[in-house]
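To keep things clear, I will list the structure first and then write my remarks on it.
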Amino acid sequence: MLFEILTTGLMGGIALKAFSKHKGLSSNDSGKIQRIMSLSGLNVRDGKDTLTTQLVKKKQYEWGWEYKYRIQLCRSFSDYEAKLKVFEDGLNNRKKKQLAQQAEDEGVSLNQYVVYKLSK
């Protein structure tokens, strides 16, 4: 009896975590940011070691989250500024896809849909 309750609770927790991760309900973008940095070539290999940026501080404000990172000594801030569009595309891709899908369902172009939604 106890085993059935524990396994049911465990499976329910796993299902809830998978659902929230799939829907993007979690507010943790630091993992996404680290992955974008590694895929865009901002991590540096030094022999067997890989030097990555380090998350120093994460703070929530009313407008959103603030992430502070410590960058490697061999990288400059201009390297990160050059990859700014990559970060924006990687972090906002789900919202753009959902908005485009809604516009397609309504049968209008994306620009007309955005103007229509803003006028409401």
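Count of the range 68-85 residues, restricted to those that are modelled with pLDDT under 85 and either among the hydroxyl-bearing types (Ser, Thr, Tyr) or closer than 15 Å to Gly31 by Cα (or both), is 2. Between a first residue in the range 49-63 that is open to solvent by 90 Å² or more (accessible area, probe 1.4 Å) and a second residue that is at pLDDT 85 or above, which pairs have beta carbons less than 6 Å apart while being 6 or more apart in sequence or on different chains? Once the first residue is open to solvent by 90 Å² or more (accessible area, probe 1.4 Å) and sits in the range 49-63, its partners that are at pLDDT 85 or above give Gln54/Arg70; Lys57/Lys68.
Would you call Lys21 in a helix (DSSP H, G or I), open to solvent by less than 100 Å² (accessible area, probe 1.4 Å) and not acidic (Asp, Glu)?
Working: in a helix (DSSP H, G or I): yes; open to solvent by less than 100 Å² (accessible area, probe 1.4 Å): no; not acidic (Asp, Glu): yes.
For Lys21, the condition - in a helix (DSSP H, G or I), open to solvent by less than 100 Å² (accessible area, probe 1.4 Å) and not acidic (Asp, Glu) - is not met.
Answer yes or no: is there a residue in the range 40-59 that is under 15 Å from the mean Cα position of the chain (by Cα) and polar (S, T, N, Q). Within the range 40-59, one or more residues are under 15 Å from the mean Cα position of the chain (by Cα) and polar (S, T, N, Q). Of all the listed residues (Lys32, Lys68), the sole one being touching a residue at least 40 places away in the same chain (Cβ under 8 Å), under 17 Å from the mean Cα position of the chain (by Cα) and open to solvent by 50 Å² or more (accessible area, probe 1.4 Å) is Lys32.
Of Gly47, Gly24, Gly64, Gly13, all but one fail to be at positive phi and at pLDDT 80 or above; the exception is Gly47.
The values are calculated or read from the model by the stated rules, or taken from the named source; none is laboratory data. Remember, it's a predicted structure, so these values are computed and weren't measured experimentally. When we count neighbours, we look across all protein chains shown, and the Cβ atoms used for this are built from the backbone with ideal geometry, even at glycine. Protein only, heavy atoms only, side chains kept; ligands, DNA and RNA dropped before computing areas. Shrake-Rupley method; radii C 1.70, N 1.55, O 1.52, S 1.80 Å.
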